[in-house]
Amino acid sequence: MTFIKQIPLWIWVVAGFLLLNAFTYDWYTTVWMDEAMFADPAANLYYGHGFTSTAWATQHYHEFWAGNTPLYSFLLFLWFKCVGFGIFQVRFFDYLLWSGTVLLICLTVRRLDFVRQPLLLAALAAFVFSGNGIFFSYRSGRYDSLICLVASLCFFAFSIPKPLPRYCALVLSASLFLPTALILGPFVAILGALVFLVLGRRVFLQLCCVALGLAIGLGLLRLYYGGLGLWQTFRHAADFLSQIYYGQDSAIPVWEQKIMAYPGRVFHDSTADLLLVCLCAVAAIGWKKLDNVGRSAALLGIGVFFIIPAVSLAAYSYQIYHYWQVYLPLAICLATAVTHGNGLFTPSTQRVVVGATVIVIFCLGPGMRLGLASTDLRERSYSHVESLVRENVKSSDIVYADYQAFYPLHQVGALTYYSWYLDVITKPEEDSIDCLVINPDMLPGIQKVLGGQWQPVGPAYLHENKFHSRLLNRLFPGYFQPQTNKKYNLEVYRRIAADKK
């Protein structure tokens, strides 16, 4: 009992969110494109088909996968070796990675004396779990959880007291950045520049260590793909991914499209906007009460909010799953500014303000998403998709499928091609497809690509993408979008043999 009382409140917050995520793993999000794409190479390797993929747009199935940075998918393969393959395993892996991120952030800010009060540390942990874009990132089966864990490892290295171990840890952790995600390059570069502008020469050597780690990481990535003869393939894939959000055939140049997108992107996450308002209020009302650390945190947080999205847009893109780039530094800066505001709040006022902010942000993130999903849970159970595939698809089938059917198709063992792979699919591969697992609305378009005639097999699993409530549909008309939470709509089709026409 004494041991339990000694556990800090913020660790209980982490444990609580881990359990919440585990119990609601198939509520939100529904399985979508990116989740299947990042898990596909790991799943193929796990099932003995090599580190290959039929879910990406720049390589054929027989080629060693170089569609993106390799670290997340390879670690996911090792995870499958330990716990098996399935939707829960993939998503719980991300929940563990994100929980590790929150633990490292809270431990680091405490060690650096950025945040002292147990209540504020617990609030910071809740913030880092609850942001709207953040919640999507670690619930959607992407590699963002690993990105943030690696970044938080580097952040933790700054808190190591002795110089030599600190410098070594900074280099080692930063060397993982680019093998984890190329987007970490511009993010770390601009964040480091902002930190240097605010804190000056005292962080110069540490930032040089991070830069050295980045260079080593690039060298490791070059050595890895170069040794496989795939460096140009990897570069082509990276170029392709950096342009997918912008119409190359548009009369408007890409750079102009990005400038036009900036205002909508920078203010798109309501939870980050709220943190910014809180930080600006702390800076405006209590500037004279903030010490040097508090003022630096306020300036850094405000600068990050406006500058990071611009750099991210220029280098790549800034979508909902990229919002951690702003939200994480902003949450840390806000908690630091409140801590270092001498007499800014009375203890009772601080508890009320911090508690109210946590509640509002939780409601805007997990509360809204899980609350809305709970209105039609029966239609969200992934077991129905698994049953549909098991009952109608055989291991000998060659399938074209919607990404929603990804997990059971791998479990059945059917070779499956997905939409992006159509960019590189060969004619023999097209002709070999004898089964479709798709949204019925997609059938006319698929027939134009694959040809032939197709007939439905067994009952379909179809749902209207609306809540069972007029009020909810009116309040949240854009909730069901491809990037967020479409319901499962699948039907199985088989090719009609030519002699049966």
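The values are calculated or read from the model by the stated rules, or taken from the named source; none is laboratory data. Here the structure is a predicted model, which is why all the values come from computation and not from measurement. Glycine gets a Cβ as well: all are built from the backbone with ideal geometry, and neighbour counts include every protein chain shown. When the accessible area is computed, the model is the full protein with side chains, heavy atoms only, and any ligands, DNA or RNA have been set aside. Shrake-Rupley method; radii C 1.70, N 1.55, O 1.52, S 1.80 Å.
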Check your understanding: Could you say whether any residue in region 435-457 is open to solvent by less than 30 Å² (accessible area, probe 1.4 Å), within 30 Å of TYR138 (Cβ to Cβ), touching a Leu at 6+ places or on another chain (Cβ under 9 Å) and modelled with pLDDT of 90 or more?
Key -> yes
Exercise for review: May I ask you to list the residues in region 179-229 that are under 21 Å from VAL311 (Cβ atoms) and in a loop (DSSP other than H, G, I, E, B)?
Suggested key: ALA181, LEU182, ILE183
Point to revise | Given (1) under 30 Å from ASP291 (Cα atoms); (2) within 22 Å of the chain's Cα centre (by Cα), index of the condition TYR318 fails | key: (1)
Review point. Out of curiosity, is GLN89 surrounded by 16 or more Cβ atoms within 10 Å (Cβ to Cβ) and modelled with pLDDT under 95?
Key: no
Check your understanding: Do you know which of the residues in region 139-151 that are in contact (Cβ under 8 Å) with a residue 60 or more places away in the chain and hydroxyl-bearing (Ser, Thr, Tyr) is nearest to THR30 (Cα to Cα)?
Key -> SER140
**Study point:** Number of the exception - ALA331 against (1) closer than 30 Å to LEU241 by Cα; (2) in contact with a Cys (Cβ under 8 Å, 6 or more places away or on another chain)
**Key:** (2)
Point to revise | Where a residue in region 386-408 is of a type in the set (S, T, N, Q) and its partner, wherever it lies, is open to solvent by 20 Å² or more (accessible area, probe 1.4 Å), with Cβ under 7 Å and at least six apart | key: ASN392/VAL457; ASN392/GLY458; SER395/VAL412; SER395/GLY413
Point to revise | First in region 206-226 and of a type outside the set (Ser, Thr, Tyr), second anywhere and modelled with pLDDT of 95 or more and outside any helix (DSSP H, G or I), Cβ under 7 Å, 6 or more apart | key: GLN206/PHE158; GLY213/SER175; ILE216/SER175; GLY217/SER175; GLY217/LEU176; LEU220/SER175
Check your understanding: Is it true that some residue in region 368-375 is at pLDDT 90 or above and not hydrophobic (A, V, I, L, M, F, W, C)?
Key -> no
Review point. Mind checking whether some residue in region 448-463 is within 21 Å of PHE88 (Cα to Cα), among the hydrophobic types (A, V, I, L, M, F, W, C) and part of a strand (DSSP E or B)?
Key: no
Study note, to complete from the structure: Across region 270-297, the tally of residues that are under 10 Å from LEU344 (Cβ atoms), open to solvent by 10 Å² or more (accessible area, probe 1.4 Å) and among the aliphatic types (A, V, I, L, M) stands at 2
Review point. So which of VAL353, VAL304, VAL326 ends up being free of Cβ contacts under 8 Å to residues at least 24 places away in the same chain and either closer than 15 Å to ASP273 by Cα or part of a helix (DSSP H, G or I) (or both)?
Key: VAL353
Review point. Within region 72-82, can you find the residues that are touching a Phe, Trp or Tyr at 6+ places or on another chain (Cβ under 8 Å) and either over 18 Å from LEU182 (Cβ atoms) or crowded, with 17+ Cβ neighbours inside 10 Å (or both)?
Key: TYR72, SER73, LEU76, PHE77, TRP79, PHE80, LYS81
Check your understanding: If VAL83 satisfies every condition in (1) under 29 Å from TYR25 (Cβ atoms); (2) of a type outside the set (Ser, Thr, Tyr); (3) in contact with a helix residue (DSSP H, G or I) (Cβ under 7 Å, 6 or more places away or on another chain); (4) in contact (Cβ under 8 Å) with a residue 24 or more places away in the chain but one, which is the exception?
Key -> (4)
Check your understanding: Just wondering, is there one or more residues in region 20-34 that are within 17 Å of the chain's Cα centre (by Cα), crowded, with 21+ Cβ neighbours inside 10 Å, modelled with pLDDT of 95 or more and β-branched (Val, Ile, Thr)?
Key -> no
Practice item. Would you mind stating whether PRO161 is open to solvent by 20 Å² or more (accessible area, probe 1.4 Å), touching a helix residue (DSSP H, G or I) at 6+ places or on another chain (Cβ under 9 Å), over 30 Å from GLY355 (Cα atoms) and part of a helix (DSSP H, G or I)? Key: no
Review point. Taking region 92-137 as the region of interest, how many residues are open to solvent by less than 40 Å² (accessible area, probe 1.4 Å) and either within 13 Å of the chain's Cα centre (by Cα) or more than 15 Å from ILE361 (Cβ to Cβ) (or both)?
Key: 23
Study note, to complete from the structure: Note on region 396-422: residues part of a helix (DSSP H, G or I), of a type outside the set (Phe, Trp, Tyr), open to solvent by 20 Å² or more (accessible area, probe 1.4 Å) and closer than 17 Å to ASN439 by Cα are SER419, LEU422
Review point. Checking THR357 against (1) under 30 Å from VAL90 (Cβ atoms); (2) out of contact with any Gly (no Cβ under 8 Å at 6 or more places or on another chain), which single condition isn't satisfied?
Key: (1)
